[in-house]
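Nothing in this text is a laboratory measurement; each read-out follows from the coordinates by a stated rule. Values in this document were obtained by computation on a predicted structure and should not be read as measured data. Every residue, glycine as well, gets a Cβ built from its backbone with ideal geometry; the counts of neighbours run over all protein chains shown.
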Amino acid sequence: MARNREGLLLLLDVGPSMHGVLPQVEKLCSMLVQKKLIYGKNDEVGIVLFGTEDSDAGTKEDQVGLIAMRMSALGMKMENIVVRGSLIGNANQIIMDENDLLLDLFSKKSSVKTVYVESPTALLGAIKTRNISPVTIFRGDLEISPNMKIKVWVYKKTSEEKFPTLKKYSDKAPPTDKFATHEVKVDYEYKSVEDTSRVVPPEQRIKGYRYGPHVVPISSAEWEAVKFKPEKSVKLLGFTDASNILRHYYMKDVNVLIAEPGKPGAMIAVSALARAMKEMNKVAILRCVWRQGQQSVVVGVLTPNVSEKDNIPDSFFFNVLPFAEDVREFQFPSFSNFPISWQPNEQQQEAADNLVKMLDLAPSGKGETLQPEFTPNPVLERFFHHLELKSKHPDAPVPPLDETLKKITEPDVELLAEKKSIVDAFRRQFELKENPKLKKSTRRLLREKPSGSDERHGDDNVSDALAVNSIESKPDTKVEKIGDLTPIQDFEAMMSRRDSPDWVGKAIENMKKKIFNLVENSNKGDDYSKAVELFVALRKGCILEQEPKQFNEFLRRICKFCQEKNLSSFCDLLESKELSLVTKSDAIDSDVTDDEARSFFVKRELKYED
Amino acid sequence: MDLDPDDVFRDDEDDLENEFFQERESTKEFVVYLIDASPKMFSTTCPGEDQRDETHFHIVVSCIAQSLKTQIINRSYDEVAICFFNTREKKNLQDSNGVFVYNVAEREDLDRPTARFIKEFDQMEESFQKVIGSQYGIVSGSRENSLYNALWVAQGLLRKGSAKTADKRILLFTNEDDPFGSLNGAVKSDMTKTTLQRAKDAQDLGISIELLPLSRPDEEFNISLFYADLIGVEGDDLALVLPSAGQKLEDMKDQLRKRLFTKRIVRRISFIISNGLSIELNTYALIRPTVPGAITWLDSVTNCPLKTERSLICADTGALMREPPKRFQPYKNENIKFSTQELSEIKRVSNGHLRLLGFKPLSCLKDYHNLRPSTFVFPSDKEVIGSTRIFIALLRSMLRLKRFAVAFYGNPTHPQLVALVAQDEIVTAGGQIEPPGMHMIYLPYCDDIRNVEEHHSDANAVPRATDDQVKKAIALMKRIDLKDFSVCQFANPSLQRHYAVLQALALEEDEIPEINDETAPDEEGMARPGVVNAIEEFKLSVYGDSYDEENAHAGNGKVSEASKKRKAVAENAVKESANYDWADLADNGKLKDMTVAELKYYLTAHNLPVTGKKEALISRILTHMGK
C-alpha cells in the first residue's frame, strides 16, 4: 500500500551546543529506525547531519519562505524538536531567538509542527517513533435534534500501544532445514466434559449462557432474532455542567470528534458549540452507536477541544461514561468518623501542604515534566533495546533500565535534592509503625520486591529478611499460646521464639491439645480439615526442630484413639494426605524407617479388620 | 476495634491484563437473608411510587428479589438462603419456633439461586399469610425467643464450607429496634444476654452479621437500644449503619440494594512517598464495565458442556509441543528469540509499588489522558499504623491546592504512569454518593496518544465560529440543559436485553419482556417550541441557507472510493452467484470442490461474513441454507 509508505529524513543539528544531548538523540533515532524495521519495513529513512556553529540564520527569511512553499506544494510535513532549558549550557540567546523566528515562519507557511523539550526524557518521547495513519471509527451525523445534524468524523485520540505479541517459536525442525518457519500452530479441540474421548466438531457447538447452576443454550440464529439491535447514530441527549461529570468516571481510551473536512458549516457548528461549552463550563452528553450491527450503545461525555492555532480546527473529545451496572457503590467510612489519632494536626497539614505545593512537576515559568505527550513507555523502550542487543548477541541479558527512563519510574533525584528540606520536614511530622498485633507471616505488604533489572534471581529469595526496610522500629510480636483465630501462625511464631528453649516444647504440647480437641469434639467430621491443616504444621515444625518422637508418639496416640471411638475417617484423611510417621530420612533422631512409615496406615487397617 | 472488616474478602487480583475487567470467582459468598416477618413489618408503610404506600415487608422482599436476579448472572456461584422469623409456621432443621426457611424443590436450603427459586420467590408474597403467616415471636409470659432461634438457624445454614474459601454473611432486615421491649426484669436481661452471646458465637466462627434497619417515617430506628451490641459497632461507626428517618422509599430501597454487595479489595499496595516513608493503601475497582456472563459451549446434540483443549503443534514437523514454547520477533531478517522469563523481566521496570513522583495542577490532566477505568484507593492502618493520617493530610492538601499527584505504579505485568486525583466525600440524604479517597487514573504514554487534529490542519486558517454564532450556541445549550444529570443513571440497554432474554428462556416464560432503552433522547423535550426555536436559530446562524446543500447525502460525489468498490464487488457477487445451483451443490456435497473465491460469491451476495477457512465458509453457507 503505497499510500501508507513514509519517506523520512532526519535532520540532526550536531553543533557544539547539542553535544550534551547527542546520546539521547541517538537513542531516539535508533528507536525510530528499530520500529520502522518492525512496523514499517517499506518506509525509507535518510539522515542529514548539520552543524550550526557558524550558520548565519538572520538573513535567511526569504529562503525559509521559499522552502516552506515548496514543501507544502510537495505535501511534505516537518516536525521540529527544539531542545531547551538547562540541557544546553551556554547557548547564545540571540541565535536561539532568531532560530525560533525562522521555525515559526515555517509553521505559518506549511504543515510544520514545532515542539520544545526541556529534559532528556521528554526528548525520547518527542516524536512518534511509530507512524500510525489515523482511521475514522465513525463518519456521519452528530444529531442535535431530528432537524439539525452536523457532519462529523470520529477518530481515536488515545489507544494503547501494546507490548508486541511475539509469535511462538518451535525448535523442532532440524538445524539443517533452511526453510523452517519455526512457527507454532495452535489447535483447538472440543471435547465433551463427561466423555473426554468424544470430540465434537466446531460447527456442532452451541453457545450457552449460565443462569445460576443451569446453562441456557441459545443458538446464534435465535440470538440474532432477539438481541438488542440499535441503529448506527450519534445523538445528543443534552448539555450539563462540567462539574457533574467527575474525572474518574472516564471509562476507556478517548475519541476525538472533528467536523467533516470540506464542510464549512459543520466546522463552524462544531467550533461554535465547542467555544460555547468552554465559555459556559458545560459538557454535552451523547448516545453513540458507532457502527451498524454493533450490539451495544455507549453513553459518553463530549468536552471541548478549542484550538489555539489558526490552522487547526476546533474539535471535541469524547469519553465513555459508565452505565448503572458498571458502578459498584461500596460505602466507605467518612474521614471525620476516624479517631483523632488518625487525623492530621495543624503542623502535619502544613507539612503536607508544603510537600504538595513544592514537589512540583509543572513549575510556572519552566516546562511541565512527565507530560504524557512526551513520556515514552519505558517497557517498550526496553524491549526494543533488548531486541537490538539480541540481534547482535543472541544471549545478551535484559539490559538495565536506561537512566533517562528511570526518571519515569522513580522520582527525580535533582528535584528531591532541591526540595530536601521540605521532604524531610514532612517525614519528621509523621510517624509510621508496624502494627504489633499482626503476625509476621501475615505481613505481606512491606516486603519489597527487588526491581528486576538489578537482581536477576530475586524472586524466590524475597523473604522476611527483606521485609521491613522502610520502617525503623519493628517490635517483635510475642506469641505465648495458640489461639483460635490463626493457630498455625501462632504455632510457627512460638516455635521460632529464641528467648527461651522451652517455647518449642510448649508450642508442640499446645498444638497437640488443639488437634486433639478438634478431633474429639468434631461433629460428624466438621472440623477434620482444620485438624489436618494443624497436623501438617505440627509435622513440619517437628521435623524442623528435630523432634520426631514428639510427632510420632502423638500420631500413634491419635490413631489409637480414633479406632477406639470409631472415628477412623480422620485417619483415612491423614492417610490420603500422606501424613505418616516422621522417618529417619526426615529427621535423624527418628527411629522409624521409611518402610515402617509407609506401612503405618496399612497396619492400622489390618488391626481394624480384626 | 478493627475498622477494616474487608480483610476476609481480599483477593490478589488485577495482575493480569486480561483479568483486569473480571472478578475472580474463587471466593464464594454464603448469604442468609434473615427477614423479620412480624406484624409490625406489615403494618408499617412508606409512601412509595405513585403515592401508594408500601409495607416494609414488601420493600425488603422486592429488594432481595432484585438482588437475586442480578446475582444469578453476575455471581452465580454464591449461595443464598432466605429465612423468615417471627412467623406462625415453622420450618427449619433445628425445629425452632417462629423461624421459616424458604425454599423450593430440588434445592438445598443454602444453595445457588436457581431460576425456579427466583420465580417462586417473586410470587411468594401473595401466599405468605396463608402458608407462612406472621406472628410476634417474643411475648411476655412465654420463654420463646424468635430472634435467638433465627440466628441459631442461620448459623446452622452457614455450617457448610470453610471460612477460608467462603465469605459468610447474615443480613438481618428488621424495623424493630427494641426486640425485647415488651419484656421486663430478669426475663428481658436474660434473653438479651443469650441472644447477644449467640450472635457473638456466630461471629467467632467467621460469620459477619449485618443489620439493615428500616425506619418508620415518624421515628428513627434507634440502633443503640439493642442492635449496636449485636453487630458489634460502637461510637462513630453507628452513623454509617443508620439510614436517616423520613427517607423516601426509593432512597431506602436504593440504600438497601447498595449494601447487599460486599466490598472487595482488589489489591493492597504500598505507596512510597519518599525513601523510607511508605504507607499502606487498598485498591478497589469501583467502576468496571459489566459484560454478559461467560459463554459455555455446549454440544448442540446433547446439550452437554464442552471443554476446549488447546494443543501447540510445530508448523514444520507437525510434532506436538509439550513444553511452553519460546517466543520470537522477526527483526533484521532474523528471528530473535525471547524466553518467558526474559519477557517478564523486561516488563519489570519497577518494584510493584506505587511511587510518588510529584504533583501538578489539575489543569495539566487533560480530558484525553485516559485509557482504562480508574481504580479507587483508600488508606488502611492494618499493617502500617499512621498510613491513614498521612493519606488524609495529602488528600486535603491536594483538594485545597487543586493539584493531583503523579506516581508510577509498578504493576509487574502492566507498569504505568498514573495520576492520583483526590476526591472529597459527597453525601446526600440518600447516603454516600462519592466516598472520600483518591482515584488512580492510568495515564497514556506518548506512544498511545495520536495527534489527529493536526492531520486536519490546513495551510490556511480554518473556519471559526463568530461571537454571534457562539452566543446562539449558548442559547441552545441553556435550552437543552440536563440539570440533574448524574453519571451512570442509565441502565445498559443491551445488557438489560441480554438478561431479559436469558431470564425468559431460563424461567420458560413465553414472552421476552420489553426493555426500556433509557439512553434514547428525550424526543418530547426536544420538540418543545423553545428548544426547536433555539435549534433553528443556531442552525440559521451557522449554515445560513446552505444546510440542506451541505447535508445532502448523494450527489456531491463524495462517496468514498472504498465504498464504491465495495458496492461493485457486492453487485458482481450477486451476478456471479446466480450462475450456480447452490442447493444442488450443497445436497451433493460438492461445495468442498469449489474454490474459496466461488464460495465467497454466495456469502457476499447474501451479506454474510467472508472470513475464516474454507470449512468455515462451507458450514456458514450450509447454515444459511438451513441444511
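Details
- Counted charge near B:Glu537, where neighbours are those whose Cβ lies closer than 13 Å (Asp, Glu -1; Lys, Arg +1): +3
- Euclidean distance of C-alpha centroids, region A:264-341 and region B:102-171, integer Å: 46 Å
- With contacts taken as Cα pairs under 8 Å and at least 6 residues apart, region B:561-625 reaches a relative contact order of 34 percent.
- Filtered GluC sites (Glu not before Pro), region B:121-211: DSSP coil and at most 16 other beta carbons within 10 Å: B:Glu144
- The GluC sites (Glu not before Pro) of region A:238-342 that DSSP puts in a loop, and whose beta carbon has at most 11 other beta carbons within 10 Å, are A:Glu308.
- Cα long-axis angle, helix B:529-543 against chain B (0 to 90 degrees, to the nearest 10): 30 degrees
- Among the trypsin sites (Lys or Arg not before Pro) within region A:489-558, those in coil by DSSP and having at most 12 neighbouring Cβ atoms inside 10 Å are A:Arg498, A:Lys524.
- Restraint check, A:Lys149/B:Lys575; A:Lys506/A:Lys577; A:Lys156/A:Lys278; A:Lys27/A:Lys366, Cα-Cα greater than 30 Å: A:Lys149/B:Lys575
- Beta bridges per DSSP with both ends in chain B, % antiparallel, nearest 5: 70 percent
- Acute angle (nearest 10 degrees) that the helix B:249-259 long axis makes with the longest principal axis of chain B, alpha-carbon atoms: 80 degrees
- Compared with the dominant Cα axis of chain B, that is its longest principal axis, helix B:596-605 is turned about 70°.
- 15 Å beta-carbon shell around B:Ala504, net charge (K/R +1, D/E -1): -2
- Label-zone membership for region A:158-202, site B:Thr317, 7 angstrom Cα→C-beta point, backbone N under 18 Å: A:168-187
- Using θ = phi - 60° and Karplus 6.51 cos²θ - 1.76 cosθ + 1.60, couplings along region B:210-216 (whole Hz; Gly, Pro as x): 10, 9, 10, x, 10, 9, 7
- Two numbers describe the Cα atoms of region B:66-185: Rg and Dmax, which are 15.5, 50 Å.
- Under-5 Å amide H pairs with A:Phe138, H placed in peptide plane, nonlocal only: A:Val154
- Net charge of the neighbourhood of B:Ala186, taken over other residues with C-beta under 15 Å away and scored Lys/Arg +1, Asp/Glu -1, is +2.
- 5 angstrom amide H check on A:Val82, placed H, neighbours 5+ away: A:Val115, A:Tyr116, A:Val117
- Scaled radius of gyration (Cα, divided by 2.2 N^0.38 Å) that region A:487-609 gives: 1.04
- Helix-derived mean residue ellipticity, 222 nm - over chain B, DSSP H n ≥ 4, -39500 (n - 2.57), to 500: -10000 deg cm²/dmol
- Whole-number percent relative contact order across chain B, with pairs defined as alpha carbons under 8 Å at least 6 apart: 10 percent
- Using a simple spin-label model with pseudo-atoms 7 Å out from Cα toward Cβ, B:Asn579 and A:Arg70 lie 5.4 nm apart.
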